[in-house]
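Visitor: Just passing along the structure, written as structure tokens.
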Ligand code: ADP
Ligand code: MG
């Protein structure tokens with residue numbers, strides 16, 4: 001090499017830099033990410049070399065950022081592998097430049113220019129977004145290589161010359177342009193390092209102050225980590241989130257490389273999938289807070305890190321969505337999450353059930369939206385049951401199918417001590433308990449997937465077992481009417497409500513005078529449609545059936561009043577019985593409630609007057 005060599009990087013270059021400068025303006029911060037990750041790469045390469053070769057300068061690896069406000073320079077220096085003159089020509093003038101050329105080509109052809117900006121890494125040349133001149137002083141780790149200086153004022157013309165340089169490694173000096181003075185600031189630089197380079201496995205200093213955490217826990221050997229390591233890492237990533245329920249450490253080598261840690265956060269509210277808890281990395285360099293293109297939506301409630309080294313930093317959103325690698329990654333993650341859950345279910349059911357309230361919503365959402373997840377999880381879905389434990393639907397089915405006649409009874413958790421549940425329980429029947437809005441959707445989904453199963457709300461119909469089918473129709477009176485006929489007539493005269501149907505049954509239980517049955521279909525529709533207001537809901541609840549219990553002493557006594565000395569009192573008793581049934585069904589309107597209250601007060605007064 002002559003003392004100084006000058007050259008043009010490429011004939012196309014003049015077209016490129018104006019574009020870079022002009023259009024990348026909004027995301028110019030990324031040059032820090034690019035230069036520091038290059039420095040880190042240079043150190044990683046040397047670490048690999050160190051396994052086989054000896055070299056000078058020690059192994060105290062570090063990256064230093066410093067600046068000079070007067071000279072308006074920003075320096076990024078590493079003690080990595082360095083470059084010889086030939087390597088500078090090859091890697092900086094050709095390879096690095098090809099990134100910039102690609103960018104310009106894409107940019108010119110792209111319809112959606114906004115999308116490409118900032119998502120197209122330019123590697124080394126991104127530093128020209130902020131610099132009027134850049135120098136590289138570098139010395140290869142190999143003995144006998146002389147240090148070189150590469151200089152360029154435009155990014156298009158360069159010169160290379162020999163220089164003196166003490167240690168091995170690379171020092172890049174940016175002479176910042178008039179618009180980029182903001183980088184002459186320690187806080188700004190520290191902030192950017194923390195954002196993009198926090199987990200690079202090399203110490204980074206800004207003005208001699210350590211600026212990154214290093215320790216990318218996800219690339220460590222899971223067997224060497226303790227529970228506290230995972231806990232601390234979670235707290236570091238997501239301060240004030242409490243502890244996670246559990247985590248999954250992802251570690252894949254083939255057919256793609258992927259590492260990461262996914263945590264299950266404690267969920268106390270309805271799904272909040274808007275929060276982006278998964279941080280996306282490429283070779284430890286932070287890329288994005290938004291992994292939505294990589295993983296299905298139900299998984300976005302997980303928190304943690306995913307590192308995909310083969311995913312170039314320079315990918316655009318639309319590119320990600322169409323990449324077959326992304327589909328594979330997504331499927332892999334779904335499978336790992338399902339494996340972890342089903343494994344817990346099989347091996348540690350107690351723990352699984354303890355966590356269930358926190359993960360249920362997430363699992364159900366996944367089951368509803370992702371076919372593969374449904375297939376893996378379907379046998380590990382558990383429901384609280386009316387016995388106070390948990391059952392899968394298969395378990396419930398095995399236990400109850402004989403007596404249930406193809407029905408799976410279900411109730412809201414709040415209805416556990418309702419009249420309906422009491423009626424079921426006294427006959428040895430069980431129900432599963434549902435609690436969230438999503439359960440109504442889930443039930444529809446499960447019915448569709450399992451044609452054998454028919455879910456029935458406990459208040460939608462009377463289970464055959466709670467009705468005494470053997471009961472005799474009773475003696476016929478002078479008018480050829482049974483007691484059942486008379487009670488029906490009595491209630492029809494006494495209770496006038498639009499849309500209701502009245503019928504009689506002999507229940508095995510004597511203590512319940514009457515129950516309300518609500519139509520299953522309408523009920524589900526109401527529950528699924530959260531947009532429906534109270535008014536509309538009560539309208540739907542009006543369409544119901546009143547079942548009067550022929551076995552109830554109270555009903556019989558009321559009938560005697562009605563047919564005997566005090567028909568008015570009989571009618572009021574019938575209304576009171578109806579209202580009590582409405583109350584148990586939580587189907588009262590405001591008007592019903594006020595009528596009921598007034599009538600109750602007058603009954604109480606009558607009792608007092610008697611004494
Ligand atoms: P990439 O990092 O994707 O290869 P860059 O444009 O960032 O593309 O860098 C181009 C090449 O320049 C690198 O592959 C590397 O060989 C060389 N290089 C850049 N920075 C350094 C550095 N600090 N030390 C040694 N080599 C470097
Ligand atoms: Mg690079």
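Visitor: I'd like to know if the range 306-328 contains one or more residues that are surrounded by 14 or more Cβ atoms within 10 Å (Cβ to Cβ), closer than 26 Å to residue 437 by Cα and touching a residue at least 40 places away in the same chain (Cβ under 8 Å).
Guide: No, the range 306-328 contains no residue that is surrounded by 14 or more Cβ atoms within 10 Å (Cβ to Cβ), closer than 26 Å to residue 437 by Cα and touching a residue at least 40 places away in the same chain (Cβ under 8 Å).
Visitor: Sticking with this structure for a sec: For the range 105-129: of the residues being more than 16 Å from ligand 2 (Cβ to nearest atom) and over 33 Å from the mean Cα position of the chain (by Cα), which is modelled with the highest pLDDT?
Guide: Looking only at the range 105-129, we keep the residues that are more than 16 Å from ligand 2 (Cβ to nearest atom), and these are 105-117.
From the residues that got through so far, the ones that are over 33 Å from the mean Cα position of the chain (by Cα) too are 105-109.
Details: 105: 69, 106: 66, 107: 62, 108: 64, 109: 64.
Among them, the one singled out is 105.
Visitor: Let me ask you something else. What number goes with the only condition from (1) over 21 Å from residue 165 (Cα atoms); (2) at pLDDT 95 or above; (3) outside any loop (DSSP other than H, G, I, E, B) that residue 77 does not pass?
Guide: (1) is the only condition that residue 77 fails.
Visitor: Would you check which residues across the range 576-591 are free of Cβ contacts under 8 Å to residues at least 60 places away in the same chain, part of a helix (DSSP H, G or I) and within 22 Å of residue 411 (Cβ to Cβ) and list them?
Guide: Within the range 576-591, 579, 583 qualify.
Visitor: Something else now. Can you name every one of the strands (runs of 3 or more DSSP E) wholly within the range 304-420 that holds 3 or more residues which are under 24 Å from the mean Cα position of the chain (by Cα)? If you could, list the steps in order and put the result at the bottom.
Guide: Values: elements: 382-385, 390-392, 407-412.
Hits in the range 304-420: 382-385.
Visitor: Please verify whether the range 33-41 includes one or more residues that are modelled with pLDDT of 90 or more and over 21 Å from residue 175 (Cα atoms).
Guide: yes
Visitor: Just to check your reading of the model, which residue among 22, 47, 8 is at pLDDT 85 or above and more than 16 Å from ligand 2 (Cβ to nearest atom)? Steps first, please.
Guide: Details: 22 fails: at pLDDT 85 or above; 8 fails: at pLDDT 85 or above.
Unique residue meeting the criteria: 47.
Visitor: OK, next. Within the range 555-565, can you find the residues that are in contact with a helix residue (DSSP H, G or I) (Cβ under 9 Å, 6 or more places away or on another chain) and surrounded by fewer than 18 Cβ atoms within 10 Å (Cβ to Cβ)? Reasoning before the result, please.
Guide: Our first condition is that a residue be in contact with a helix residue (DSSP H, G or I) (Cβ under 9 Å, 6 or more places away or on another chain); within the range 555-565, this holds for 555-564.
Those that are in contact with a helix residue (DSSP H, G or I) (Cβ under 9 Å, 6 or more places away or on another chain) and surrounded by fewer than 18 Cβ atoms within 10 Å (Cβ to Cβ): 556, 557, 560, 563, 564.
The values are calculated or read from the model by the stated rules, or taken from the named source; none is laboratory data. Just so you know, these numbers come straight off a predicted model, no measurement behind them. So basically every Cβ, Gly included, is an ideal-geometry build from the backbone, and we count neighbours across all protein chains shown.
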